[in-house]
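> Please find one structure pasted underneath; my questions will follow.
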Amino acid sequence: MLKEGKVRIPSGCAIAAIIDRKGNMINGSEIIKSISLMHDRSNGLGGGFAAYGIYPEHKDEYAIHVFYDSADARKKCEEFLFKHFNIDVAERIPTKQVANIEKGPDIWRYFGKANRVRMKNARLDEEEYVAKCVTNVNNGIDGAYIFSSGKNMGCFKAVGYPEDVGEFYMLDNYNAYIWTAHGRFPTNTPGWWGGSHPFNILDWSIVHNGEISSYDANRRYIEQFGYKCTMQTDTEVITYLFDHLLRHHRLPIDVAADVLTAPEWEEIDRMEKDKKEYYTTLRSIYSGALVNGPFSVILGSNKGLLAINDRLKLRSLTAATKGDKAYFASEESAIRIICPDPEKVWSVSGAEPVFIPLEIETSEVEDL
Amino acid sequence: MIGYIPRKFTVIRDNDLCTNCGGCVSQCANECHSINAEKNRVLTNSNNCVACHRCVDMCPVSALRIEKYICDYRNNANWTPEYQQEIVRQANTGSTLLSAMGNPKPYPIYWDKILLNASQVTNPSIDPLREPMEIRTILGRKPDKIEIEKKGKSLTKMPPQIILETPIMFSAMSFGSISLNAQKALAMAAKELGTIFNTGEGGLHPDLESFGKYAAVQVASGRFGVHKGYLNNCRFIEIKIGQGAKPGIGGHLPGEKVNVEVSNARMIPEGSDAISPAPHHDIYSIEDLRQLIWSLKQATDATKPVAVKIAAVHNIAAIASGCARAGADIVVIDGFRGGTGAAPTRIRDNVGIPIELALAAADQRLRDEGIRSTISLVASGSFRCSSDIVKAIALGADACYVASAPLIAMGCHMCHTCNTGKCNWGIATQKPELTKRLNPNMAQKRIENLVNAWNHEIKEIMGGMGINAIDSLRGNRLMLRGIGLTNKELEILGIIHAGE
């Protein structure tokens with residue numbers, strides 16, 4: 001069977017997320033509890049988590065998580081990484097044996113800063129440089145796959161049910177101020193670990209439920225700007241759309257969300273002048289970035305948590321708040337099992353993005 | 001007799017039904033029917049019949065029928081009757097062969113070799129009766145990115161944009177090549193449908209000046225009818241470099257068709273031939289095109305987008321990209337099956353390439369260069385139905401131009417003799433006794449019906465794909481699959497084969 005990226009694999013899913021906007025730490029066991037309630041929404045062919053704030057001792061360094069299929073791949077990749085980064089730490093990511101997780105790749109992580117000399121010679125800014133390095137490894141070194149490359153954050157994923165993946169990585173040993181989780185229900189898959197979600201580039205991680213019908217329109221739009229959609233997944237293309245809008249076009253996150261889930265013309269035509277002009281301009285310029293078909297997406301970053309839903313509300317996504325915490329999940333029950341008495345519960349509606357910003361000191365957060 | 005060409009059709013009159021009312025006699029401008037006063041009977045001479053069906057459709061007792069006239073030659077796959085007859089015609093006259101309408105040769109029609117997708121289970125189809133289906137289309141140059149003050153407040157000053165309520169526009173047909181009534185019908189329909197009609201290179205008749213908001217005005221190599229008022233009374237200006245039916249050559253409206261009205265609109269003397277040269281005599285390279293674009297922008301205070309229409313030829317991708325870089329806000333590509341009022345037969349049948357391949361190649365090239373999203377791409381050159389349009393948009397077009405389809409809606413029967421000026425349906429003629437046959441209001445209604453029907457079908461197909469905004473169909477080639485195509489064809493179209 002063809003590996004993901006050689007073939008497009010649609011999938012349904014479960015997603016969940018928690019944020020503490022004041023930056024208080026939440027243990028990994030919470031998010032596992034939430035996502036595991038939605039067991040039936042996955043089929044054991046992919047699960048994963050993203051956690052923000054887990055590496056405070058390395059917060060100024062990139063945390064690079066890599067899957068290796070062979071020792072040779074590791075040798076080649078490390079050669080590349082040691083050349084392009086000043087690596088401080090190189091270690092196996094601690095895991096434990098779990099019955100339902102089959103033997104997978106060798107999983108390593110590296111902490112380090114970008115090699116400034118190489119970066120300057122390449123005439124790239126730091127983020128562009130790091131993003132290029134990740135792309136070069138993933139496209140150029142057979143058997144090596146970087147699945148996490150942000151600062152003070154990390155993705156953890158595998159082929160299996162999400163609760164088993166959480167146990168495998170011993171996520172109860174990690175504390176984070178933002179957690180996102182994903183359980184996958186692909187319609188067919190060769191069971192490749194790299195194909196599990198969240199999908200990550202730099203600081204951005206995406207979990208997504210649904211199958212977008214605008215995929216190729218979005219892919220061909222974003223590939224104009226140097227991106228290469230090698231995974232052929234919705235999650236990948238949505239991540240790149242956000243990355244492009246936020247990093248290259250410097251749009252605020254809520255404006256980027258408006259691009260992906262723009263209101264309908266009927267609604268825009270009824271708006272007052274400024275808003276009408278804003279949305280008309282947005283839809284006119286970013287027509288290729290409009291996302292269509294059923295989806296619910298949670299975008300995690302060190303800036304906060306963004307949840308968007310498709311324009312017709314074809315996919316479920318519930319939000320809730322209590323105190324400094326906000327919760328999202330495909331099903332309300334998955335929120336209530338970890339927060340039985342939320343102050344507010346609502347269904348995220350199409351074209352009305354919800355953004356929960358992280359309100360900790362900016363110096364603590366890498367400014368994007 | 002050397003020089004004789006057997007007729008093409010036979011008009012068959014059922015004498016049991018015919019009441020000898022003489023209706024057909026007055027209907028046929030080709031003079032196929034006549035009254036024999038002695039016998040008090042209507043007689044038929046089939047030699048002039050072009051199969052326009054006017055007499056058939058108008059006969060109150062359905063007594064008439066048209067049949068192909070078969071006069072066999074000895075079989076020869078190489079020297080077909082068609083080639084022999086064309087040689088005879090040229091031996092008779094010493095002239096270039098002329099034809100009308102689009103390339104009729106059996107070249108591959110890729111629309112018929114592309115299949116569309118629909119949603120099943122993993123993502124739902126959308127019911128267009130319940131959910132909004134957006135086909136609004138915006139043409140014009142776009143900046144790379146938006147500048148905002150905050151969410152809800154844009155600081156970007158947008159270049160002039162054309163907002164259409166359908167991706168279907170009416171392509172250029174000049175007053176002169178078609179009658180004023182036909183152009184009026186298109187203009188009125190464009191207004192009602194929220195789209196535009198195109199004046200062609202014929203100027204704007206005073207009766208249509210109030211339709212400026214729904215007009216694209218053409219500036220072609222003859223510059224007929226072009227003045228400041230004309231340029232400023234439109235939604236966009238279209239520089240016509242080439243036409244799919246006759247790439248590389250100009251146009252010729254014979255003096256007989258230049259009556260006082262046509263002469264006024266074109267700003268040429270009555271009865272004089274209107275000859276559009278092959279090239280624009282001020283455009284000998286891409287930088288000259290840039291100058292013309294900017295001259296037009298200056299003449300209109302930059303309030304009108306400028307489109308450049310080019311014929312689909314071999315190097316189309318690079319040419320389209322050049323036009324975009326020369327400042328064209330909209331690039332129109334006209335495929336070799338595009339229609340025309342008159343074209344040299346050899347050119348019409350042998351020059352240019354299919355719109356499907358040209359569109360796919362140009363869209364991909366503009367994307368490879370990272371400029372596709374900043375300009376609009378319009379496809380033209382024979383769209384026969386709504387699914388052709390859906391396929392064109394999925395290949396990468398923003399909008400499509402149609403001309404033959406609305407002509408057929410108005411009564412055209414594709415008899416391929418527009419160049420004779422004897423159109424019995426009152427469309428491609430300037431003879432007052434013929435043009436008065438076309439009631440502009442009724443024709444308008446029929447064109448509106450057609451476009452509304454196609455709009456419905458486009459929405460239905462989009463809904464089936466799980467798409468509710470045409471933005472998400474545009475360039476979405478994963479919605480297409482080829483059937484019976486070679487690897488090379490699939491590669492150029494940028495699609496994969498059915499079953500993959």
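Throughout, read-outs are computed from the coordinates displayed, never taken from laboratory work. Just so we're clear, the structure is a prediction, and the values are computed from it rather than from any experiment. Heads up, the Cβs are rebuilt from the backbone with ideal geometry, glycines too, and the neighbour counts pull from every protein chain shown.
> Can you compute 3J(HN,Hα) from phi for each residue in the stretch B:111-128, using the Karplus curve 6.51 cos²θ - 1.76 cosθ + 1.60 with θ = phi - 60°, rounded to whole Hz and x for Gly and Pro?
4, 7, 10, 10, 10, 9, 9, 9, 7, 9, 6, 5, 9, x, 6, 10, 7, x
> Mind listing the long-range amide H neighbours of B:Leu377? Cut-off is under 5 Å, sequence gap 5 or more, other chains count too, H placed in the peptide plane at 1.01 Å from N.
Excluding prolines and chain starts, which carry no amide H, the hits are B:Val331, B:Asp398, B:Ala399.
> Could I ask something else about it? Nearest 20 debye, what's the magnitude of the dipole of chain A about its Cα centre given +1 on Lys and Arg Cβ and -1 on Asp and Glu Cβ? Before the final figure, lay out the partial values.
Details: 43 positive and 52 negative charges, 153 e Å.
For this selection, approximately 740 debye.
> Please list the helices of chain A that count as membrane-span-like by this rule: a mean Kyte-Doolittle hydropathy of at least 1.6 together with Cα atoms stretching 30 Å or more along the helix axis, each helix being a complete DSSP H run. Kindly include the intermediate steps, with their values, before the conclusion.
Details: long enough: none.
Within chain A not a single helix satisfies the rule.
> Output the peptides A:132-139, A:300-307 sorted from most to least packed, where packing is the average of other Cβ atoms within 10 Å over each peptide's residues. If you can, show how the numbers build up before the last one.
Working: A:132-139: 17.8, A:300-307: 24.1.
Ranking the peptides A:132-139, A:300-307 by packing returns A:300-307, A:132-139.
> Report, as an integer, the average count of C-beta atoms from other chains found within 10 Å of each Cβ along A:273-285. Please report the intermediate quantities before stating the final value.
Working: counts 0, 4, 4, 1, 5, 10, 2, 6, 12, 4, 5, 12, 11.
Mean partner-chain Cβ count within 10 Å for A:273-285: 6.
> List every residue whose amide H lies under 5 Å from the amide H of A:Leu314, counting only residues 5 or more places away in sequence or on a different chain, with H placed 1.01 Å from N in the peptide plane.
Residues meeting the criterion, in which the H sits 1.01 Å from N, are A:Phe295.
> So for each of A:319-328, B:390-399 I average, over its residues, the number of other beta carbons within 10 Å; can you give me the resulting order with the highest mean first? Write out the running numbers ahead of the final one.
Values: A:319-328: 20.1, B:390-399: 27.4.
Top to bottom by mean Cβ count within 10 Å: B:390-399, A:319-328.
> Counting Lys and Arg as +1 and Asp and Glu as -1, each charge on the Cβ, what is the dipole of the stretch A:57-151 about the Cα centre in debye, to the nearest 20?
On the way: 16 positive and 16 negative charges, 36 e Å.
Dipole about the Cα centre, nearest 20: 180 debye.
> At R0 = 35 Å, how high is the FRET efficiency between B:Val61 and B:Val88 if r is their beta carbon distance? Nearest 0.05 is fine.
Working: r = 38 Å, r/R0 = 1.08.
Step by step, r from the Cβ atoms, then E = 0.40.
> Dipole of the stretch A:123-195, Cα-centred, from +1 at each Lys and Arg C-beta and -1 at each Asp and Glu C-beta, to the nearest 20 debye?
Value, rounded to 20: 160 debye.
> Report the gain in length on full extension from B:Arg74 to B:Asn452: 0.36 nm times residue separation, minus Cα-Cα distance, nm rounded to one decimal. Mind showing how you got there, number by number?
On the way: separation 378, 0.36 × 378 = 136.08 nm, distance 4.87 nm.
Between B:Arg74 and B:Asn452, full extension yields 131.2 nm more.
> How crowded by other chains is B:211-218, given as the mean number of beta carbons from other chains within 10 Å of each beta carbon? Write down the numbers at each step before the final one.
On the way: counts 0, 0, 0, 0, 0, 0, 0, 0.
If you average over the peptide's residues, the count of other-chain Cβ atoms is 0.
> Just in the stretch A:83-113: which trypsin sites (Lys or Arg not before Pro) are loop by DSSP and have at most 14 other Cβ atoms within 10 Å?
Values: sites: A:Lys83, A:Arg92, A:Lys96, A:Lys103, A:Arg109, A:Lys113; in loops: A:Lys96, A:Lys103.
Those that pass, being in a loop and sparsely packed, are A:Lys96, A:Lys103.
> Of the options A:Ala71, A:Ser149, A:His84, report the single residue whose Cα projects farthest towards the positive end of the charge dipole of the stretch A:57-151 (beta-carbon charges: Lys, Arg +1; Asp, Glu -1).
Of the candidates, A:His84 comes out farthest on the positive side.
> Between A:Lys22 and B:His416, how many nm apart are label points set 7 Å from Cα along the C-beta direction?
8.3
> Okay, moving on. Of the options B:Ile447, B:Ile347, B:Gly255, report the single residue whose Cα projects farthest towards the positive end of the charge dipole of chain B (beta-carbon charges: Lys, Arg +1; Asp, Glu -1).
Ranked along the dipole, the leading option is B:Gly255.
> Using label points projected 7 Å from each Cα along Cα→Cβ, tell me how many nm separate A:Lys228 and A:Lys273, to one decimal.
4.9
> Longest span of chain A, sites excluded, free of GluC sites (Glu not before Pro) in DSSP loop with at most 14 other C-beta atoms within 10 Å?
On the way: sites that count: A:Glu102, A:Glu272, A:Glu343, A:Glu359, A:Glu361.
The longest uninterrupted stretch comes out as A:103-271.
> For B:Arg130 and B:Ile109 in one chain, what is 0.36 nm times their gap in residues minus the Cα-Cα distance, to one decimal in nm?
Values: separation 21, 0.36 × 21 = 7.56 nm, distance 3.47 nm.
Once the chain is fully extended between B:Arg130 and B:Ile109, it gains 4.1 nm.
> Given the stretch B:118-261, what percent of its DSSP beta bridges are antiparallel, to the nearest 5? Before the final figure, lay out the partial values.
On the way: 5 of 12 bridges.
Around 40 percent of the beta bridges assigned by DSSP in the stretch B:118-261 are antiparallel ones.
> Still on this structure, I have one more. Could you go through the stretch B:210-227 in sequence order and give the Karplus-derived ³J(HN,Hα) for each residue, using 6.51 cos²θ - 1.76 cosθ + 1.60 with θ = phi - 60°, rounded to whole Hz, and x for Gly and Pro?
Taking θ as phi minus 60°, the curve returns 6, 9, x, 5, 10, 10, 9, 9, 9, 10, 10, 5, x, 6, 5, x, 8, 8 Hz for the stretch B:210-227.
> Right, something else. Please report the spacing between the Cα centers of the stretch A:282-318 and the stretch B:67-139 in Å, no decimals.
42
> Right, next: Just in the stretch B:45-131: which trypsin sites (Lys or Arg not before Pro) are loop by DSSP and have at most 15 other Cβ atoms within 10 Å?
Values: sites: B:Arg54, B:Arg65, B:Lys68, B:Arg74, B:Arg89, B:Lys113, B:Arg130; in loops: B:Arg74, B:Arg130.
Within the stretch B:45-131, the qualifying trypsin sites (Lys or Arg not before Pro) (loop, at most 15 other Cβ atoms within 10 Å) are B:Arg74, B:Arg130.
> I'd like the mean, over residues of B:230-242, of how many other protein chain beta carbons sit within 10 Å of each residue's own Cβ. The partial results should precede the final answer.
Values: counts 0, 0, 0, 0, 0, 0, 0, 0, 0, 0, 0, 0, 0.
Mean shielding by partner chains, rounded to a whole number: 0.
> Check B:Val219: other-chain or 5+ apart residues with amide H under 5 Å from its amide H, H built from backbone geometry?
B:Glu238, B:Ile239, B:Lys240
> With the Cα gyration tensor of the protein assembly as shown in hand, give its eigenvalues times 5 under a square root as the equivalent ellipsoid semi-axes, listed largest first in whole angstrom. Write down the numbers at each step before the final one.
Values: eigenvalues 766, 142, 129 Å².
Each semi-axis is the square root of five times an eigenvalue, giving 62, 27, 25 Å.
> While we're here: Select from chain B the helices, each a whole stretch of DSSP H, whose alpha-carbon atoms run 30 Å or more along the helix axis and whose Kyte-Doolittle mean is at least -1.0; answer none if there are none.
On the way: long enough: B:440-464 (36 Å, -0.72).
Sorted by number, the helices that extend far enough and score high enough are B:440-464.
> Follow-up. At most 14 other Cβ atoms within 10 Å and a DSSP loop assignment: could you name the chymotrypsin sites (Phe, Trp or Tyr not before Pro) in the stretch B:281-367 that fit?
On the way: sites: B:Tyr284, B:Trp294, B:Phe336; in loops: B:Tyr284, B:Phe336.
Counting only loop positions with at most 14 other Cβ atoms within 10 Å, the chymotrypsin sites (Phe, Trp or Tyr not before Pro) in the stretch B:281-367 are B:Tyr284.
> Using 0.36 nm times the number of residues separating B:Asn350 and B:Asn36, minus their current alpha carbon distance, what extension gain do you get? If you can, show how the numbers build up before the last one.
Working: separation 314, 0.36 × 314 = 113.04 nm, distance 4.50 nm.
Contour length minus Cα-Cα distance gives 108.5 nm.
> According to a simple spin-label model (label point 7 Å from Cα along Cα-to-Cβ), what is the distance in nm between A:Ser29 and A:Asp88?
Taking the two extended label points, one gets 2.9 nm.
> Using a cut-off of 19 Å between alpha-carbon atoms, which aspartates and glutamates can reach A:Lys33, once sequence neighbours fewer than 8 places away in the same chain are excluded?
Those aspartates and glutamates meeting the cut-off are A:Asp20, A:Glu163, A:Asp164, A:Glu167, A:Asp172, A:Glu331, A:Glu332, A:Asp341.
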